[in-house]
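These notes concern the structure reproduced below.
Read-outs: derived from the displayed coordinates by stated rules, not from any lab. In this text the structure is predicted, and so the values were computed from the model without any measurement. Positions of Cβ are backbone-derived with ideal geometry, glycine not excepted, and every protein chain shown enters the neighbour counts.
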Amino acid sequence: MLLTGATQLAGSGSAGALLADSGWNDVAVKLGNSVGAIAGFLGVLLVVFFAAGRATGRFGRPLAIGIFLGPALLLLLVGLVVPLVRTVFLSFYSDDSKRFLGGKNYSWALTTDSVHQVLLNTLLWLVVAPFLATGLGLLLALWVDRMRGQTVYKSLIFMPMAISLVGASIIWKFVYDARDSAQNQIGLLSQTVIWLGWKHPPNWILSHPLNNFLLMAVMIWVQTGFAMVVLSAAIKAIPDEVTEAARLDGAGGLRLFWYVTVPMIRTTLVVVLTTVMIVTLKAFDIVRTMTGGNFGTQVLANEMYSQSFVQFNVGRGSALAVILFLAVLPLVGYNIVQLRKERATR
Amino acid sequence: MSSQLMDRQPQPSEAPLPPAKAVRKAFSSPFSSLLVVVLTVLWTIPTLGLLVTSVRPKQDVADSGWWTFFTHPDATLANYHTVLFEGGFGVSGGLMPYLVNSLAISVPATVFPLVIAAMAAYALAWVPFRGSDTLFFLIFALQVVPLQMTLIPLLQLFSGGAHVGGATIVPALNLSGTYAPVWLAHTMFALPLATFLLHNFISQLPRDLMEAAVVDGASHFKIFRSIVLPLCTPALASFAIFQFLWVWNDLLVALTFAGGTPEVAPMTVRLAQLSGSFGGHWELLTAGAFLSMIVPLLVFFALQRYFVRGLLSGSVKG
């Protein structure tokens with residue numbers, strides 16, 4: 001309520017002082033809601049803890065288990081398990097969820113031309129972005145650790161990881177900004193190629209298939225730092241004796257890298273690669289912010305969102321979600337097995 | 001990977017360890033150092049361009065590239081004022097409400113899963129019952145579910161309630177226009193990972209200590225509050241930072257459950273909208289984008305060590 005008042009005032013642009021007043025009011029109300037919710041939540045817990053703490057005897061233990069585990073189990077059931085089953089169910093039904101269609105939504109996804117393009121793009125993303133990010137990260141991990149001031153380099157390369165993908169997309173959209181060649185360029189990429197002698201650079205975002213790779217650059221920009229930090233830790237953990245022995249045997253340079261370092265960190269390398277693949281498969285923010293899926297850049301995650309929540313094709317959207325799930329499943333499964341192995345061996 | 005990283009003490013950062021030195025030496029050359037410097041510069045320039053553009057006057061931004069700023073420096077904070085309080089994208093209303101929403105969404109969406117997961121992790125680790133191991137594994141395995149699989153049914157539940165064969169199990173909750181759906185959704189999605197990580201930590205607490213407390217007659221609730229929570233602070237902090245940044249930077253959950261109104265939508269949602277429809281106003285878009293990055297960047301530079309640990313452990317989330 002307060003807020004609509006505030007925006008109207010801002011629109012008329014006449015009552016600045018009043019705007020400020022109701023604006024701050026709005027801030028107070030919102031943050032108050034949020035603090036109140038936390039206080040209420042913790043308060044209820046405290047009361048329950050106090051009351052249940054007095055219960056003793058036969059019911060004490062089951063009661064404690066129920067209170068500690070209940071909220072988590074309920075939320076997981078309502079928020080993950082039931083929706084998971086229901087999405088699979090919806091994917092076999094029409095968009096109003098009334099008619100059973102069998103596999104029609106899936107055959108739509110696998111045979112329609114426009115969706116073909118989407119799947120192809122997704123595959124391209126899956127191959128290019130994770131391998132480049134992991135490869136660059138590995139090289140940086142090898143190089144940076146013996147340099148002076150390595151913390152500075154590492155921080156700067158890792159920094160994009162803290163920024164939202166929306167923010168990153170805006171940063172890069174600005175880099176790719178293109179103007180008519182009669183005007184001054186304000187996008188760094190256009191200006192750079194002009195300095196290099198290319199008189200009439202294209203409008204980058206509109207040039208298919210180049211634009212796909214320009215969008216992937218954002219993902220690589222974000223994920224390289226992650227790969228570098230994890231791999232750097234893995235390289236540091238290689239025991240001294242191993243490299244020493246290899247060196248005494250006369251291995252050096254590239255051979256040492258290929259036959260000692262890489263095998264020693266193989267598990268970590270694969271985990272990093274699969275992790276970046278998972279992120280790449282699920283991320284829809286970059287495509288959504290930079291092109292909205294136009295100009296031949298659509299990917300599975302964004303198509304799923306558009307089908308479900310823009311065009312309200314619930315059945316098709318669900319089918320795409322299931323396809324995404326099936327694509328992610330082996331990758332996450334592999335990572336989880338690795339995680340458990342590592343826990344077991346320690 | 002995660003368990004190992006959660007347990008590892010934050011080392012006095014980057015003290016050169018002798019091991020891998022040999023490999024690194026083998027790879028070292030002035031050439032590789034130069035490449036690192038070049039890559040670092042390449043990695044930083046886009047963000048620098050954004051920052052510089054956001055403080056240049058409107059006309060300058062429209063007429064010339066941001067790199068000319070260094071030869072003709074002319075800085076102003078007007079863009080930030082416009083974008084925060086006035087709007088200026090051809091729409092009324094600035095980003096201020098959205099910035100507040102981001103904060104009002106992120107803090108509870110961090111506290112709720114943290115507390116609920118810590119409780120569950122404690123029960124699974126220290127109050128064993130039949131099937132508790134299986135239960136732990138099931139919760140852990142739920143990490144494979146991508147967000148996308150849950151969005152449609154969850155949205156239907158929040159807006160229409162749940163019905164089985166005509167009988168209403170959950171009535172339609174009128175939650176639209178409040179933060180509740182976003183808080184709930186983030187809490188639900190965070191639980192598998194949070195429970196897993198905190199269980200790793202809580203199950204490592206010394207057994208003697210726990211048994212002594214039980215002998216002294218402390219209830220599970222007392223043990224949880226006065227022993228488990230204080231001892232778990234490092235793990236809780238790591239996860240809290242990760243979760244806070246995850247929620248702050250999230251677009252998918254917010255877009256689905258908050259919609260695009262200034263009442264509840266966070267910065268990411270608004271920026272994605274503006275980037276689509278008002279891409280020409282670079283001086284405003286860059287200022288807005290930078291505003292949304294200030295909080296995560298501060299957290300990043302101030303708490304980098306915890307941030308790295310939380311991030312690595314949470315790398316499969318989503």
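Rounded to two decimals, what is Rg over Rh for segment B:220-287 when you use alpha-carbon atoms and the Kirkwood radius? Result for segment B:220-287 is an Rg/Rh of 1.26. Highest mobility in the GNM of chain A, judged by mean-square fluctuation with C-alpha springs under 10 Å and restricted to A:225, A:167, A:149, is found for A:149. Within chain A, the longest run free of exposed loop sites, counting chymotrypsin sites (Phe, Trp or Tyr not before Pro) that sit outside DSSP helix and strand states (H, G, I, E, B) and have at most 15 other Cβ atoms within 10 Å, spans A:1-197. From the largest down, the protein assembly as shown spans 84, 77, 56 angstrom on the principal axes of its Cα atoms.
Here the Karplus curve 6.51 cos²θ - 1.76 cosθ + 1.60, taken at θ = phi - 60°, turns the phi angles of segment A:134-149 into couplings of 5, x, 4, x, 5, 4, 4, 4, 5, 7, 6, 5, 9, 9, 5, x Hz, with x standing for Gly and Pro. A dipole drawn for chain A from +1 and -1 charges on Cβ atoms has a positive end, and of A:337, A:306, A:94 the residue lying farthest that way is A:337.
Around the amide H of residue A:93, modelled in the peptide plane, lie the amide H atoms of A:101, all under 5 Å away and 5 or more residues distant in sequence or on another chain. When you filter the trypsin sites (Lys or Arg not before Pro) in segment A:229-307 for DSSP loop state and at most 14 other Cβ atoms inside 10 Å of their Cβ, nothing is left. For a test of the definition: using alpha carbon positions, the gyration tensor, and the 1.5 limit on a/c, classify segment B:96-313 as rounded, prolate or oblate. It is oblate, given that a/c is not under 1.5 and a/b is not larger than b/c.
For the pairs A:154/A:282; A:154/B:58; A:282/A:341, flag any whose C-alpha to C-alpha distance is greater than 29 Å.
A:154/B:58
Remark: segment A:62-186 projects, on average over all directions, an area of 17.3 nm² (convex hull of Cα atoms). Spread over its residues, the convex hull of the C-alpha atoms of segment A:140-219 is 134 Å³ per residue. Taken over the C-alpha atoms, chain A has Rg and Dmax values of 26.6, 85 angstrom. Reported to the nearest whole Å, the Cα centre-to-centre distance from segment A:76-127 to segment B:225-278 is 27.
Counting Cβ atoms of other protein chains within 10 Å of each residue's Cβ and taking the mean over peptide A:234-245 gives 4. The mean number of Cβ atoms from other chains found within 10 Å of a Cβ in peptide A:96-108 is 0, as a whole number. For segment B:177-206 and segment A:249-323, what is the separation of their Cα centres, given in Å? One Cα centre to the other: 24 Å. For the segment B:288-301, counting C-beta atoms of other chains within 10 Å of every residue's C-beta and taking the mean gives 4.
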